[in-house]
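What follows is calculated from the coordinates using simple rules that are stated; it is not laboratory data. Quick caveat: nothing in here was measured; it's all calculated off a predicted structure. FYI the Cβ positions are ideal-geometry reconstructions off the backbone, even for glycines, and counts take in every protein chain you see.
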Amino acid sequence: MDNVVGKKSGLTWAVHISMAVLVALWLFPTLGLFVSSFRTADQISSSGWWSSLSTQERQVPAIRVAGEEVEVDGRFVIEGRLFEATNASVSAWGTSSTAPEANAPGAVADLGDGVTLTVAEDGAYVLSSPVSTEGTRLPRIFSTAATPPEFTLDNYRAILFDPENVDGMAKAFFNTLTVTIPATIIPILVAAFAAYALAWMDFPGRALLIAAIVGLLVVPLQLALIPLLKLHNDIGIGKGYLGTWLAHTGFGLPLAIYLLRNYMVGLPRDIIECAKVDGASDFQIFIKIILPLSFQFLWTWNDLLVSLVFLIDSTGETTVMTKQIVELLGTRGGNWEILATAAFISISVPLLVFFAMQKYLVRGLLAGSVK
Amino acid sequence: MSPALQGLITIIIGVGGCVGYFYFSNLFLDKVLYPASGPNAGRNINRANMIRPWLFLMPALIALTIYLAYPVFETLRLSLTQRVAGGGYEWVGFDNYSKMFAEPKFWEALSNNMLWLIVVPALSTAFGLLAAQLSDRIRWGNLAKSLIFMPMAISFVGAAVIWKLVYDTRPVDQEQIGVLNAVWLAFEGGPMSVLFLKIVPILLLLGFAGAVALVAWVFIRPLVKPAGPVGGGTVPLRLLVGAAAVWLIFTALRSAFGLATVDLPYGQPQTWLTIPFWNNFFLMIVLVWIQTGFAMVILSAALRGVPEDTIEAAIVDGANPFQIFFKIKVPQIMGTIVVVWTTITIVVLKVFDIVFAMSNGQWETQVLANYMYDKLFRANDWGIGSASAMIIMLLVTPILIWNVYNARKEMR
């Protein structure tokens, strides 16, 4: 806005740079998890995820020569490979831990008694000996290799599609969906009717009701845990989906009603009339109005406490993803390939919803913050 | 039956029941109870319109009463009773409270919570304001905004995993896979280390203490030098702010002094979440990271609403960009800043998942919500658990009253 008076601000660059730094800081942690979920356990524990994005030169763990012995022209030859990856390249190798970088790729090393060993740049090695080496201790190869970035989908395969895996997230994923969908739709429906009444119908006690809802907006749900658990046990619901849906409905309602009412009051009626003239059905208008409530989906999907208290019993059959991840944090604290993948599966759905509905979410936030 | 199918059926029943209620109750009202036809059509329509709002509100009111209003009173009652063996409750008065107050873990949770209450809203609002102001001035601002806003969609548990990876520690002879330790090991005690790890943080702490002192002075001044009549009701608030400020300044100065004298263990990978006192900040960063997006979105909308002519007038008067921001824009969006601040305050008071997943209150990182969960579900002590829930309620009450007051004012 400095351009208003025709003065180009010298601050422009500073603004760009500070914004870039800020965005990088905010993105960096998530990016770390994302990248880690595509690496193998070995890769994760041997180098930081940031170094996996570029070609890395590092020592490959020592490998003992092994393989089928073949007799060629009177010499006994064993051929093999140092690593599976075809795009890595060896920069140096050796046969003892004291001189792991003694030879260049392609060079032939004499191991005594006429035994020779050579390692090519692509990791293929050839051990050649005048007598059979069967039964003897074969030499070890130490090598330094430059490995280009390499990623795998195995983590996702193991966690999502392997029914044997006890750390699998497939069941938790469906449980979360089972919690989330009704716990999103029911409160939105209930809130939409209530907000409609509060916004466009006139009846005694309306102002008082709105004030009460604003008050309930900030009541911490922690207060409700014990009384409601008691109530659920008394009326026979116990721990289960029904109780969880009801709890989510109760806890989500104040914000949903308040937000929708604000939003509806702000909508002049002629806008709706116009939309109708343009051929929008009542249902389409309704959907447009309730879209800002998609945060209810995020909130139920991301919830831990309500599920912990009202859903998950001692059998653990109904565990949800957040609970599963907390458990993994305890039992698999160091296994980042499991943790990162599990966590990323759980956050990918809300992220998708977020990027698809961003406009509506912002609208919802703006209408929902108490002015 | 496969769980997916079972889930689908329950979904259909739940949602169908809800839709069915609204549809059939309206049908009943219009067709059976007060049909809009026959001799009393006019009267019937009026009556139906008097009943309809309550028909619409009924499910919401029932849910709100059972799930939010009733628990407040029930928790209050539970906090004054204790379970007796074999079922039933007995009245114990304030016993639970005095037992709780005697526990050092409670005071640890309370003082940590106070720290959270100050640091998280302050930092989130500050970063949010910065991001909002910067992104409004550049072409890729919308992209930048959605990237900073993104953590809002991530669950607290997901964020805990993300940040645990950042804070990860490996033994000294292995390569570090946590960013923080990798950065930390890059410092080796040279002049750059002293600059970045001692001088800059100490200056920041002193600056923070100065800012707090300034704010406190604004609140306290009318009591010391009454320029006019001081509103009687505000005296306790002013004294409270003053006391909090003194504590904050003391904490900041103590930390600055500690930092100046301490020998930093260069070259040693740190287990960040086990360093007492400072580990609280490592947990708070997670929530700041999440909430900044919220603050940014709201403040950005407010900044756009600042009337253009006030800014133009300031430019004509020769104000520089900083003056425009702090003296023209910020005062005009003060109301929104307060809203953002209080909203984040409430989130902080409820913060549970982050602490539960990252440290579970060990190493002196306990907070009230997690303390309460501990008492309720691990120690199975409903009395003290409810008492600590009431403390959380007590802390939100001022905001509750303030919100209701504002909402009523706005409606009038």
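General observations
- Selected from B:Phe56, B:Phe196, B:Phe257 as most flexible by GNM, with chain B as the system and alpha-carbon contacts under 10 Å: B:Phe56
- Structure-based [θ]222 nm, the protein assembly as shown - -39500 (n - 2.57) summed over DSSP H runs of at least 4, per residue, nearest 500: -19500 deg cm²/dmol
- 10 Å Cβ neighbours from other chains, averaged over peptide A:17-25: 5
- Volume of the Cα convex hull of the range A:10-51, divided per residue and given in Å³: 61 Å³
- Scaled against 2.2 N^0.38 Å for its residue count N, the alpha carbon radius of gyration of the range B:274-412 is 1.42.
- Cα-based shape type of the range B:3-79, given that a ≥ b ≥ c are square roots of the gyration tensor eigenvalues and the cut on a/c is 1.5: oblate
- Filtered GluC sites (Glu not before Pro), the range A:286-338: DSSP coil and at most 16 other beta carbons within 10 Å: A:Glu317
- Three-way shape label, chain B, alpha-carbon gyration tensor, a/c 1.5: prolate
- For the range A:316-360 and the range B:21-79, distance of Cα centres in Å: 40 Å
- Dipole of the range A:217-371, positive direction: furthest Cα of A:Met264, A:Trp336, A:Thr244, with charges on the beta-carbon: A:Met264
- The charge dipole of the range B:294-357, taken about its Cα centre with unit charges on the Cβ of Lys, Arg, Asp and Glu (plus for the first two, minus for the last two), comes to roughly 240 debye.
- The distance between label points at A:Thr331 and A:Ile63 comes to 3.4 nm (points 7 Å beyond Cα on the Cα→Cβ vector).
- Label-to-label distance, nm, for residues given as A:Ala24 and A:Ile285 (7 Å Cα→Cβ offset): 5.1 nm
- Across the range B:189-266, counting alpha-carbon atoms alone, Rg and Dmax equal 17.4, 57 Å.
- A dipole drawn for the protein assembly as shown from +1 and -1 charges on Cβ atoms has a positive end, and of B:Val338, B:Val183, B:Met411 the residue lying farthest that way is B:Met411.
- When only the Cβ of Lys, Arg, Asp and Glu is charged (+1, +1, -1, -1), the dipole of chain A relative to its Cα centre reaches about 2220 debye.
- With eigenvalues of the C-alpha gyration tensor scaled by 5 and rooted, the range A:209-250, Å: 23, 11, 9
- For a straight C-alpha distance cut-off of 24 angstrom, the lysines reachable from B:Lys99 (same-chain residues fewer than eight places away being disregarded) are A:Lys230, B:Lys350, B:Lys375.
- Distance from the alpha carbon centroid of the range B:298-348 to that of the range A:255-269 works out to 25 angstrom.
- Student exercise, the protein assembly as shown dipole from Lys, Arg, Asp, Glu Cβ charges, in Debye to nearest 20: 4020 debye
- Once the Cα-Cα distance is subtracted from the 0.36 nm per residue extended length, the B:Val194 to B:Phe281 segment shows a gain of 29.2 nm.
- Computed over the protein assembly as shown, the percent of Cα pairs more than 33 Å apart is 62.
- The mean number of Cβ atoms from other chains found within 10 Å of a Cβ in peptide B:321-329 is 1, as a whole number.
- Once the chain from B:Glu308 to B:Arg408 is taken as fully extended at 0.36 nm per residue, the excess over their C-alpha distance is 33.0 nm.
- Spin-label pair B:Ala126-B:Ser111: with each label point 7 Å from Cα along the Cα-Cβ axis, the two points sit 2.3 nm from one another.
- Just checking the listed ones, B:Lys375, B:Lys105, B:Lys31: in the Gaussian network model of chain B with Cα springs under 10 Å, the one fluctuating most is B:Lys31.
- Options A:Ser294, A:Leu231, A:Pro350, ranked by Cα towards positive dipole end of the range A:157-368, top entry (Cβ charges): A:Ser294
- Most mobile of A:Asp113, A:Asp154, A:Asp162 in a GNM of chain A (Cα contacts under 10 Å): A:Asp113
- Prolate/oblate/rounded label for the range A:107-150 (Cα gyration tensor, a/c 1.5): prolate
- A simple packing score, the average count of other Cβ atoms within 10 Å per residue, orders the peptides A:97-105, B:274-282, B:173-181 as B:173-181, B:274-282, A:97-105, with the highest score first.
- Multiplying each eigenvalue of the alpha-carbon gyration tensor of the range A:157-368 by 5 and taking the square root yields semi-axes of 36, 22, 14 Å, largest first, rounded to whole angstroms.
- Shielding by partners, peptide A:192-205 (average Cβ within 10 angstrom, other chains): 5
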